[in-house]
Amino acid sequence: MRQSIEKIKPEFEKVVDYFKRELQKIRSGKASPSLIEDIIVDCFGSKLPLKQLATISCPEPRQLLVQPWSAEYLEGIDKALQQADLGTSPANDGHIIRINLPPVTGEFRERLITQVSSKGEEAYQTLRRWRDEAWKEIQEKFHKKEISEDDKFKGKDELQEMIDEYHKKIEELKEKKKKEILE
């Protein structure tokens with residue numbers, strides 16, 4: 001029973017880590033390289049994340065600067081950035097690409113908060129799937145008489161405690177991001 005619970009703990013951690021990375025991609029009031037670094041660029045028939053083709057910096061609070069490591073990458077990067085839903089048009093000067101992010105409006109903030117809630121719900125669903133898998137494993141052990149009924153219900157309680165702990169972590173991350181967006 002214990003190993004069924006311990007087996008899913010790293011999976012719960014992965015869910016929280018993934019959720020953190022997803023939140024970094026959602027814009028708040030300031031520009032951040034994480035907004036665009038994972039945009040996939042079609043470059044010479046290969047699909048690579050932008051961060052593998054260029055340096056991304058923030059010279060100003062609402063500006064991103066993309067400097068390709070090779071001039072050959074510029075066209076593919078520009079095209080990928082044009083297709084990304086950034087709410088602005090990238091400016092390509094032939095050497096670098098500047099992205100000036102507009103101020104966040106009230107309507108846009110609401111859209112971002114909805115996005116945060118949606119990503120949170122996806123994380124909750126993934127946690128529930130892992131919990132259900134562990135519970136199923138515990139029940140199978142009970143039916144095979146490998147554990148007692150007391151152990152089965154103790155395992156159920158431990159699973160619930162763990163899910164509550166990770167729900168709380170996700171909720172805290174959601175609230176922190178919503179606060180950033182509203183600032």
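Take the residues in the stretch 78-93 that are free of Cβ contacts under 8 Å to residues at least 24 places away in the same chain and under 18 Å from SER57 (Cβ atoms); name whichever of them is surrounded by the fewest Cβ atoms within 10 Å (Cβ to Cβ).
Per the criteria, the residue is ASP93.
For ARG62, only one of the following conditions fails: (1) closer than 20 Å to LEU112 by Cβ; (2) touching a strand residue (DSSP E or B) at 6+ places or on another chain (Cβ under 8 Å); (3) without any contact (Cβ under 8 Å) to a residue 40 or more places away in the chain. What is its number?
All conditions are met except number (3).
Take the stretch 91-108 and flag every residue that is among the aliphatic types (A, V, I, L, M) and out of contact with any strand residue (DSSP E or B) (no Cβ under 9 Å at 6 or more places or on another chain). Walk me through how you get there before you give the answer.
Start the filter on the stretch 91-108 by keeping residues that are among the aliphatic types (A, V, I, L, M), which leaves 91, 96-97, 99, 101, 104.
The one that is among the aliphatic types (A, V, I, L, M) and out of contact with any strand residue (DSSP E or B) (no Cβ under 9 Å at 6 or more places or on another chain): VAL104.
Which of the residues that make up the stretch 122-160 are among the hydrophobic types (A, V, I, L, M, F, W, C) and either outside the structural domain of ASP17 (by TED's automatic domain parsing) or part of a helix (DSSP H, G or I) (or both)? Please lay out each step first, then the result.
Step one: of the stretch 122-160, the residues among the hydrophobic types (A, V, I, L, M, F, W, C) are 123, 127, 130, 134-135, 138, 142, 147, 153, 159.
Scanning the stretch 122-160 gives ALA123, LEU127, TRP130, ALA134, TRP135, ILE138, PHE142, PHE153, LEU159.
Can you tell me which of (1) without any contact (Cβ under 8 Å) to a residue 40 or more places away in the chain; (2) loosely packed, with under 12 Cβ neighbours inside 10 Å; (3) more than 30 Å from GLU165 (Cβ to Cβ) is the one PRO102 doesn't meet?
Only one criterion in (1) without any contact (Cβ under 8 Å) to a residue 40 or more places away in the chain; (2) loosely packed, with under 12 Cβ neighbours inside 10 Å; (3) more than 30 Å from GLU165 (Cβ to Cβ) is unmet by PRO102, namely (1).
Mind listing whichever residues of the stretch 63-80 are out of contact with any Leu (no Cβ under 8 Å at 6 or more places or on another chain) and of a type in the set (A, V, I, L, M)?
LEU65, ALA71, LEU74
Within 22 Å of SER32 (Cβ to Cβ) and either of a type in the set (Val, Ile, Thr) or in a helix (DSSP H, G or I) (or both): does that describe GLU180?
Working: within 22 Å of SER32 (Cβ to Cβ): yes; either of a type in the set (Val, Ile, Thr) or in a helix (DSSP H, G or I) (or both): yes.
Considered against the rule, which asks whether it is within 22 Å of SER32 (Cβ to Cβ) and either of a type in the set (Val, Ile, Thr) or in a helix (DSSP H, G or I) (or both), GLU180 comes out as yes.
Answer yes or no: is there a residue in the stretch 112-121 that is touching a Ser or Thr at 6+ places or on another chain (Cβ under 8 Å) and either of a type in the set (Gly, Ala, Ser) or not assigned by TED's automatic domain parsing to the domain that holds PRO10 (or both).
Here is the first cut: in the stretch 112-121, the residues touching a Ser or Thr at 6+ places or on another chain (Cβ under 8 Å) are 112.
Restricting the remaining residues to those that are either of a type in the set (Gly, Ala, Ser) or not assigned by TED's automatic domain parsing to the domain that holds PRO10 (or both) gives none.
Within the stretch 112-121 (the criterion being touching a Ser or Thr at 6+ places or on another chain (Cβ under 8 Å) and either of a type in the set (Gly, Ala, Ser) or not assigned by TED's automatic domain parsing to the domain that holds PRO10 (or both)), the answer is no, since none of the residues qualifies.
Pick out the one residue from GLU133, GLU121, GLU140 that is modelled with pLDDT of 90 or more, over 24 Å from the mean Cα position of the chain (by Cα) and over 29 Å from ILE77 (Cα atoms).
Numbers: GLU133 fails: over 24 Å from the mean Cα position of the chain (by Cα); GLU121 fails: over 24 Å from the mean Cα position of the chain (by Cα).
That would be GLU140, the only listed residue that is modelled with pLDDT of 90 or more, over 24 Å from the mean Cα position of the chain (by Cα) and over 29 Å from ILE77 (Cα atoms).
The values are calculated or read from the model by the stated rules, or taken from the named source; none is laboratory data. Not measured: the values here are computed from a predicted model. Heads up, the Cβs are rebuilt from the backbone with ideal geometry, glycines too, and the neighbour counts pull from every protein chain shown.
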